[in-house]
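> Dumping the structure here so I can ask a few things about it.
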Amino acid sequence: MASTFSGLNIAKSGLFAQQRALNVLSHNIANANTEGYTRQRVTMEAYRPDMLPGTQGSMGTGVDTQSIIQIRDEFLDFKYRGENVKLGEWDTRLDGMETIETIFGEPSDSGIRKLMDEFYASLQELNKNPESLTTRALVRQRAIAVTTGLGSMGTALKKLQTDINFSVEVTTTQINGFSKQIADLNKVIFGAEATGGKANDLRDQRNLLVDKLSELIDINYFEDDMGRFYINASGGALVSHFRNDELITVKRDTKLHEADALYLNDVQWASGSSFIASGGQLKALLDMQNNIEGDKKGVPFYANKLNEFTDTLTNEFNRIHSSGFNLSANTGINLFTINGMSTQEYNQFLLTEGLNSGAALDVTDSIIVGTSPTNTNEQNDKIIVKNMSLVLKNTAGYENKSVKFINGRYFITDRMDATTITLSKDVQTDLNAIATATKKMGLPGDGTNALRLATVRNNVELYAWGSPDDFIKSLVSNLGVDTQEAARMSKSQSLLLAQVENSRQSISGVSLDEEMSEMVKFQHAYNASARVMTALDELLDTVISRLGLVGR
Amino acid sequence: MRVTNNMMVDQLRRNLLLTQQSMYTKQDQLATGKRIQRASDDPILSSKVLKYSSDISALSQYERNTTDALSWLEITESAVYDNVKLLQRARELTVQAANGTNTPSDTKKMSLEMDGLMKQLISNGNMNFAGRYIFSGFETNKPLFKDDGSFNIDISQLTIDKPPVTEYEVGIGENMNISSNGLELYGFNLITDTFTNKVPVGVVKGAPATQSVLNGAFALNQNYSADNLNVVRDDGVNPPVTFTVNSALMNGTIYPLTKETVLNAYRNADDGLGNKLSSVADIYYDASDKLVIKNKAYGAITLTTAAVNFTPTATTGVNTVEAVVSTPTTITDAEVLAGTNDFLNKEMVITINGNRQKIALFTTPPPPTTVANVITEMNAKFDLAFGPGNVVATGVSGGAISIATGNSPQNGQAPTLSVETIRATESSLINDMKVVYGAMLIGDQATISSFLGKIDVHLNNVLAIQTDIGARVNRMELVVNRIAENTVTYTRQLSDAQDADISEVIMTLKNSENVYKSALSVGARVIQPTLLDFLR
């Protein structure tokens, strides 16, 4: 026989359960727009029934809210993070590549191509009017335009590299921040779940952090049987349960590449072991900062190429210019030097600190091998040019160096850096110093040397990529292809990610319509339970107040 | 699939963004008129754009060059054409004057016109184009003639076998010679006198010095701290210089030395005056790992005393071979005396290693009477021009005069010496005109008649030059046409590569706009209603 009040208890359990469901539902609605929120459901179960004697069977005792669960597909999380790491990488790479594209500014009417075109044109004019100061002034202005053009490109690339370096620092700090927060959350979640339940909202927070972390760095994560959560990244343990390992940035002592900006950072684990980025924003940033070759060429590749362009071009211009005679009947004057030096200062600088801040290396003997006084100058020039590239190629560490002709001898020196190139002081201060004549007796009307300078444009043997025009063309199409790849990958990754996110939302997202209909459902159930309560109340009222009044 | 409100909003936002991106690109293309904004829009096309733009810029420069070349050639042509007319008139005048019936007073009247013609010829020779004298070779800042018809410029640079050439580039590797040689047009009279016949002329190249070398094994595990490793260098001119090597720290028995240390020790060896050994010698390890100290120029290089652990072999260099220009003909004091005045104001052009100097001898009397006088004067002027002892003339009566560059042990380069004498100061054409003018003044019929033969030679010469210039003008005109055609072609190709097809862009833009509008209107419907709106 059931107790008198058992019906009340059943009605009460119904009220409580529906109320709890409504609370969870209200929580869902409140968090409909919360980032990373996963919708929750109350699972209900009938209480253990009372077994009635005999064959009557069992009688229900009401409802119990068993747990509040998250509707979440962990496989989609895994997929999301896998795609996010790629998106982070390509997106960041695209950013960097687009900046480089802007720095080169081609194709346009203001890029280096245009400046070079105008410079050649002014040299052609000089050939026609070698003694005209107006034409000389024009050549000087156009030459200055070329040097400032190259200089600003070089400086912009260095600035970009420094900016990227700063981003590396910021990203590392972000990663450390996330991993710290995750480790802290681990502590809270582990504590909260010690009794067996699930800390849903805390887990949402943690999942969101892992999502964000996956954009920055390629991670592996897992939760063990004990509910301990681990994140590994690039061979190290970023988070292991309550503890997190930090990444640090360390200033480089020596430049990785000659054209690098100063004081770049390397990323390593705080423990001192090395860190190799395998994905995410951090990898893209490090690639952009450090890669001089390979699939994902970064700033150093373009800075190096720009220096190669500058160096070879100035070597050739200086070689021709210094062999000619100027209006003051002097020869041996360079057209281009660095930092506004005069030819003499520049030569002195190269000889004393031209190679890795030390003295330039005299390689005259290896350079003039095979030349002979009986050859024509052109034949000897060809042999010398060939020997120059051989010497640079065959000596380890000198691949990105340059051979310069100083005071009648050949020296290995650093490449002329695009950031430092200027017009030589001699030409800067004296228009007459532009050497237009190939022979002293040709003064002042001989413009042949100016013409030789102008035809550097068509010298297809100047670079491995051909003439100076070809070089720029190849560099720009390289840049174009790289940027295009980054743009395509970034676009397709963001589509893929959108798709995964969609699937995730489809499962975990809060649908207001759904919540509304659920609300109506639970509201009705609540109302009905309340009505049952009232009915039982009336029954009891009858029992208590009305019974035993017979015959009164 | 379960669809939530946020999914719909997100999807709508993404789609709107995509359509907007497409509209953004199209609007950019319309506003700039260009299909490619950045290299990544189309790497292949953008490299084409760069190529065509450069080609067009080069072509427009070639076009300017050909226009200038044409102007220059045309002004030359007009001067030469004028000369033809003048010479024809001079010929008529001469024929008229050669008629035996003319009295000296008749020919004197004709001489006035002849004088006028000569002055006009001189003035044509001084023709300039935009301030540049067109017949003066590279000395474009000076007129060809002085007022009296003698050459105003140093004609040694205009001599016929190596005329100066001014070329304009009118195509890749295609140069157009626009210069005309005034000397060819006006002819010149060679002067032959004692001076020109007896003073040597020519170009001679000497041989370079070979360097002296110290070469020996320098073991890295020895102790050199007690050794005297100092090096002496003797350039053969100045006193020998000792370069002190700091051997105190060079003990390789504890820690082996490095090549770098050894090289630095030698490179920084000091002469006590702050000069380093590296400034006069190359120091390096050769292929067989021996230390090499090689003099940069001629001169001896040795160790001061024999070192115990470093016993290099020394190879002595050979000095430069001097360049000597001499003449096979001999000269005697008697010949100098006979042609005394031939030496007055004589000019020579001497070039050593590209340094060209014009030297005038005996600018003030007295003229020389002996060979020794000539040699003394030459050496005095050579020393003034090149510094003492660099160019030396030698010779005695009865022998040949020779001119030599002194040895140059300090730089060790092969000397090249070139000696020329200036052998003409007058144009043969102007000179002949002067002669006939003089003859007309006094009615000298024989001289007048003899001019007829000469003027025909001059006339033919000028006509040949006129033909040559005409041919060059024709060629230029062809080049102008070709450049114009190429410019059209390249401009079209550039436009194909770079310009946006406006009608196509507008159509796709309109299309995107429609999509955008429908997306907006759908969005407005999708976002608005929820179940909430219908619950009461």
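> Within segment A:407-432, how many residues are small (Gly, Ala, Ser) and either at pLDDT below 90 or surrounded by fewer than 23 Cβ atoms within 10 Å (Cβ to Cβ) (or both)? Lay out the reasoning, then the answer.
From segment A:407-432, those small (Gly, Ala, Ser) are A:408, A:418, A:424; that's our starting set.
Subset that is either at pLDDT below 90 or surrounded by fewer than 23 Cβ atoms within 10 Å (Cβ to Cβ) (or both): A:408.
The total comes to 1.
> Moving to a separate point now. Among the small types (Gly, Ala, Ser), crowded, with 22+ Cβ neighbours inside 10 Å and either within 11 Å of another protein chain (Cβ to nearest Cβ) or under 27 Å from B:Asp68 (Cβ atoms) (or both): is that true of B:Ser180 in this structure?
Details: among the small types (Gly, Ala, Ser): yes; crowded, with 22+ Cβ neighbours inside 10 Å: yes; either within 11 Å of another protein chain (Cβ to nearest Cβ) or under 27 Å from B:Asp68 (Cβ atoms) (or both): yes.
So B:Ser180 fits the description; yes.
> Continuing with this model, one more query. Of the residues that sit in segment B:307-329 and are surrounded by fewer than 17 Cβ atoms within 10 Å (Cβ to Cβ) and under 21 Å from B:Ile191 (Cβ atoms), which one is farthest from the other protein chains (Cβ to nearest Cβ)?
Out of the qualifying residues, it is B:Thr329.
> Go through (1) among the small types (Gly, Ala, Ser); (2) surrounded by 14 or more Cβ atoms within 10 Å (Cβ to Cβ); (3) more than 9 Å from chain A (Cβ to nearest Cβ); (4) within 30 Å of B:Phe129 (Cβ to Cβ) one by one and return the number of the condition B:Ser22 breaks.
Answer for B:Ser22: the failing condition is (4).
> Just the residues that are away from every other protein chain (no Cβ under 11 Å), within 25 Å of the chain's Cα centre (by Cα) and surrounded by 16 or more Cβ atoms within 10 Å (Cβ to Cβ), please, taken from segment B:202-222. Explain how you work it out, then say what you get.
Keep residues of segment B:202-222 that are away from every other protein chain (no Cβ under 11 Å), which gives B:202-204, B:209-210, B:212, B:214-222.
Pick out the ones that are also within 25 Å of the chain's Cα centre (by Cα) and you get B:202-204.
Result: B:Val204, single match.
> Next question. Can you confirm whether segment A:523-530 contains a residue that is in a helix (DSSP H, G or I) and within 9 Å of chain B (Cβ to nearest Cβ)? Lay out the reasoning, then the answer.
Going residue by residue through segment A:523-530, those that are in a helix (DSSP H, G or I) are A:523-530.
From what's left, within 9 Å of chain B (Cβ to nearest Cβ): none.
Looking through segment A:523-530, none of the residues is in a helix (DSSP H, G or I) and within 9 Å of chain B (Cβ to nearest Cβ).
> Can you say whether A:Ala17 is modelled with pLDDT of 90 or more, of a type in the set (A, V, I, L, M) and open to solvent by 60 Å² or more (accessible area, probe 1.4 Å), as far as the supplied structure shows? Working first, answer last.
On the way: modelled with pLDDT of 90 or more: yes; of a type in the set (A, V, I, L, M): yes; open to solvent by 60 Å² or more (accessible area, probe 1.4 Å): no.
When the stated conditions are applied, A:Ala17 does not pass them.
> Given the conditions (1) of a type outside the set (Lys, Arg); (2) within 14 Å of chain B (Cβ to nearest Cβ); (3) assigned to a loop (DSSP other than H, G, I, E, B), and given that A:Tyr398 satisfies all but one, which numbered condition is not satisfied?
Checking A:Tyr398 against (1) of a type outside the set (Lys, Arg); (2) within 14 Å of chain B (Cβ to nearest Cβ); (3) assigned to a loop (DSSP other than H, G, I, E, B), the one that fails is (2).
So that you can scan it fast, the table gives a plain yes or no per residue for (1) at the interface with chain B (Cβ under 10 Å from one of its Cβ atoms); (2) within 22 Å of A:Lys212 (Cβ to Cβ); (3) without any contact (Cβ under 8 Å) to a residue 60 or more places away in the chain; (4) touching a Ser or Thr at 6+ places or on another chain (Cβ under 6 Å):
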| site | (1), (2), (3), (4) |
| --- | --- |
| A:Ser467 | yes, no, yes, no |
| A:Phe471 | no, no, no, no |
| A:Ser474 | yes, no, yes, no |
| A:Ser477 | yes, no, yes, yes |
| A:Thr483 | yes, no, no, yes |
| A:Leu496 | no, yes, no, no |
| A:Asn502 | yes, yes, yes, no |
| A:Gly509 | yes, yes, no, yes |
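> Hey, another quick one. Would you check which residues across segment A:77-103 are buried (at least 18 other Cβ atoms within 10 Å of the Cβ) and among the hydrophobic types (A, V, I, L, M, F, W, C) and list them?
A:Val85, A:Leu87, A:Trp90, A:Leu94, A:Met97, A:Ile100, A:Ile103, listed by residue number.
> Still on this structure, I have one more. Here is a list: A:Asn334, A:Asn318. Which entry is assigned to a loop (DSSP other than H, G, I, E, B) and within 23 Å of A:Phe405 (Cα to Cα)?
Numbers: A:Asn318 fails: assigned to a loop (DSSP other than H, G, I, E, B).
None of the other options fit; the residue is A:Asn334.
> Taking the residues in segment A:114-150 that are farther than 19 Å from B:Ser60 by Cα and of a type in the set (Ser, Thr, Tyr) as candidates, determine which candidate is surrounded by the fewest Cβ atoms within 10 Å (Cβ to Cβ).
Of all residues in segment A:114-150, those farther than 19 Å from B:Ser60 by Cα come to A:130-134, A:136-137, A:140-141, A:143-150.
From what is left, the residues that are of a type in the set (Ser, Thr, Tyr) are A:132, A:134, A:147-148.
Values: A:Ser132: 18, A:Thr134: 10, A:Thr147: 23, A:Thr148: 15.
Residue satisfying both the conditions and the ranking: A:Thr134.
> Only one of A:Ala277, A:Ala192 is touching a Leu at 6+ places or on another chain (Cβ under 7 Å), part of a loop (DSSP other than H, G, I, E, B) and more than 30 Å from A:Leu355 (Cα to Cα). Can you tell me which? Walk me through it before giving the result.
Working: A:Ala192 fails: part of a loop (DSSP other than H, G, I, E, B).
From the options A:Ala277, A:Ala192, the qualifying one is A:Ala277.
> Considering each of B:Asp468, B:Asp444, B:Asp456, B:Asp533 in turn, give the residue that is out of contact with any helix residue (DSSP H, G or I) (no Cβ under 7 Å at 6 or more places or on another chain), open to solvent by 50 Å² or more (accessible area, probe 1.4 Å) and over 30 Å from B:Leu117 (Cα atoms). Walk me through it before giving the result.
On the way: B:Asp468 fails: over 30 Å from B:Leu117 (Cα atoms); B:Asp444 fails: over 30 Å from B:Leu117 (Cα atoms); B:Asp456 fails: over 30 Å from B:Leu117 (Cα atoms).
Testing whether each residue is out of contact with any helix residue (DSSP H, G or I) (no Cβ under 7 Å at 6 or more places or on another chain), open to solvent by 50 Å² or more (accessible area, probe 1.4 Å) and over 30 Å from B:Leu117 (Cα atoms) leaves just B:Asp533.
> How about segment A:1-14: which of its residues are among the aliphatic types (A, V, I, L, M) and surrounded by 15 or more Cβ atoms within 10 Å (Cβ to Cβ)?
Keep residues of segment A:1-14 that are among the aliphatic types (A, V, I, L, M), which gives A:1-2, A:8, A:10-11.
A:Leu8, A:Ile10, A:Ala11, listed by residue number.
> Okay, moving on. Say we look at segment B:241-269 and pick out the residues that are open to solvent by 80 Å² or more (accessible area, probe 1.4 Å) and touching a residue at least 24 places away in the same chain (Cβ under 8 Å); which of these is nearest to B:Ala217 (Cα to Cα)?
Residues of segment B:241-269 open to solvent by 80 Å² or more (accessible area, probe 1.4 Å): B:246, B:249, B:253-256, B:260, B:268.
Still in the running and touching a residue at least 24 places away in the same chain (Cβ under 8 Å): B:249, B:253, B:256.
Values: B:Leu249: 19, B:Thr253: 16, B:Pro256: 15 Å.
Result: B:Pro256.
> Of the numbered conditions (1) open to solvent by 30 Å² or more (accessible area, probe 1.4 Å); (2) in a loop (DSSP other than H, G, I, E, B); (3) in contact with a Ser or Thr (Cβ under 8 Å, 6 or more places away or on another chain), A:Glu106 fails exactly one; give the number of that condition.
Every listed condition holds for A:Glu106 apart from (1).
> I want to confirm something. Restricting to segment A:248-274 and keeping residues that are more than 23 Å from A:Arg415 (Cα to Cα) and touching a Leu at 6+ places or on another chain (Cβ under 8 Å), which single residue is surrounded by the most Cβ atoms within 10 Å (Cβ to Cβ)?
Of segment A:248-274, the ones more than 23 Å from A:Arg415 (Cα to Cα) are A:248-251, A:265-274.
When the remaining residues are screened for being touching a Leu at 6+ places or on another chain (Cβ under 8 Å), the result is A:251, A:267-270.
Details: A:Lys251: 10, A:Val267: 23, A:Gln268: 17, A:Trp269: 18, A:Ala270: 12.
For segment A:248-274, the residue satisfying everything is A:Val267.
> While we're looking at this one, here's another question. Yes or no: segment A:297-317 includes at least one residue that is among the hydroxyl-bearing types (Ser, Thr, Tyr) and within 14 Å of chain B (Cβ to nearest Cβ).
Yes - at least one qualifying residue is present in segment A:297-317.
> So, in segment B:494-536, of the ones that are within 14 Å of chain A (Cβ to nearest Cβ) and in contact (Cβ under 8 Å) with a residue 24 or more places away in the chain, which residue ends up farthest from B:Leu17 (Cα to Cα)?
B:Leu494
> Here is a further query. How many residues does segment B:120-132 contain that are within 14 Å of chain A (Cβ to nearest Cβ) and open to solvent by 50 Å² or more (accessible area, probe 1.4 Å)? Reasoning before the result, please.
Initial filter on segment B:120-132 (within 14 Å of chain A (Cβ to nearest Cβ)): B:128-132.
From what's left, open to solvent by 50 Å² or more (accessible area, probe 1.4 Å): B:128-131.
Counting residues in segment B:120-132 that are within 14 Å of chain A (Cβ to nearest Cβ) and open to solvent by 50 Å² or more (accessible area, probe 1.4 Å) gives 4.
The values are calculated or read from the model by the stated rules, or taken from the named source; none is laboratory data. All values derive from a computational prediction rather than experimental measurement. A quick note on method: Cβ atoms are made from the backbone with ideal geometry, for glycine too, and the neighbour counts reach across all protein chains shown. All accessible areas refer to the heavy atoms of the entire protein, side chains included, with ligands and DNA or RNA removed. Shrake-Rupley method; radii C 1.70, N 1.55, O 1.52, S 1.80 Å.
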